[in-house]
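Engineer: The structure under discussion is supplied below as structure tokens; questions concerning it will follow.
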């Protein structure tokens, strides 16, 4: 059985759209796109490592340094080795105003994460895991999270193209989640229930295409 590691943020965790700060609802396990993806990939162990608030490589001065994806990635790779493929979908939280980074910077941060994965030796027989690099969908500045992500909507619309260029430089497959799902109008960040089957099907198709056998 092959292993697929999903490395992401709250939208990999399955967080529900929030109407007020401090809410932390989560889709039922059987409804999450990660669980649906596992059902579509017989022969794969699908491991969801989604952490709400996770950034690519930034210590969050408000929500905590433990949100830094680069810091925790090596340990997660080692704890789940051998990992055949890593599905990497991050960047949304980097759009928070507090980080002051643009789409190009976010793509470069994702590129650094991919290079860590490829150099990890945590794939089969000590090789490199495969990587599917995913650009998250554009965000909207609405609801209770609008202030936190002020200025992020415009940046997010440039992100897919930048991430696709990074994937090209790295020679890894790319998927634009913005062509599959949209964020919820409730908070402009998280996905509604309709996104779960759509993402599962799109990711399953990409895994079958790029990592057959």
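Engineer: Taking the radius of gyration and the Kirkwood hydrodynamic radius from Cα positions alone, what is the Rg/Rh ratio for region 1-87, to two decimal places?
Structural biologist: Across region 1-87, the Cα-based Rg/Rh ratio is 1.00.
Engineer: Also, I was wondering about something else. Given the C-alpha atoms of region 55-168, compute the convex hull and give its volume per residue in Å³.
Structural biologist: Each residue corresponds to 92 Å³ of Cα convex hull volume.
Engineer: Say each of residue 179 and residue 23 gets a label point 7 Å from the Cα, pointing the same way as Cα to Cβ; how far apart are those two points in nm?
Structural biologist: Output for this residue pair reads 3.2 nm.
Engineer: When DSSP beta bridges are limited to those with both residues in region 2-210, what percentage is antiparallel, rounded to the nearest 5?
Structural biologist: Among the beta bridges of region 2-210, antiparallel pairing accounts for roughly 10 percent.
Engineer: Is the shape of region 143-213 best called rounded, prolate or oblate, per the rule: a/c under 1.5 gives rounded, else a/b larger than b/c gives prolate, else oblate, with a ≥ b ≥ c the square roots of the Cα gyration tensor eigenvalues?
Structural biologist: oblate
Engineer: How many angstrom lie between the Cα centre of region 92-106 and the Cα centre of region 196-213?
Structural biologist: Using only Cα atoms, the two centres lie 28 Å from each other.
Engineer: Does anyone have the angle between helix 69-79 and the longest principal axis of the chain? Alpha-carbon axes, 0 to 90°, nearest 10?
Structural biologist: The helix 69-79 is inclined about 30 degrees to the chain.
Engineer: Relative to the longest principal Cα axis of the chain, at what angle does helix 195-210 sit, 0 to 90 degrees, rounded to 10?
Structural biologist: 30
Engineer: Given the options 45, 125, 194, state which has the largest fluctuation in a GNM of the chain using a 10 Å cut-off (strictly under) for Cα springs.
Structural biologist: 125
Engineer: May I pose another question? Arranged by the count of other C-beta atoms within 10 angstrom, fewest first, what order do 172, 86, 46 take?
Structural biologist: Sorted ascending by nearby Cβ count, the order is 172, 46, 86.
Engineer: Turning to a different aspect of this structure: Return an integer: the convex hull volume of the alpha-carbon atoms of region 48-108, in Å³ per residue.
Structural biologist: For region 48-108, the hull spanned by Cα atoms encloses 85 Å³ per residue.
Engineer: With Kirkwood's inverse mean 1/r over C-alpha pairs for Rh, give me the Rg to Rh ratio of the chain, two decimals please.
Structural biologist: 0.94
Engineer: Another question about this same structure. Using only Cα atoms, find the angle between the long axis of helix 159-170 and the longest principal axis of the chain, and express it within 0 to 90 degrees, rounded to the nearest 10.
Structural biologist: With rounding to tens, the tilt is 20 degrees.
No lab work stands behind these numbers, since they all come straight from the coordinates. On a predicted model such as this, the values are computed, not experimentally measured, just so you know. Note: ideal-geometry Cβ built from the backbone for every residue, glycine included; neighbour counts use all protein chains shown.
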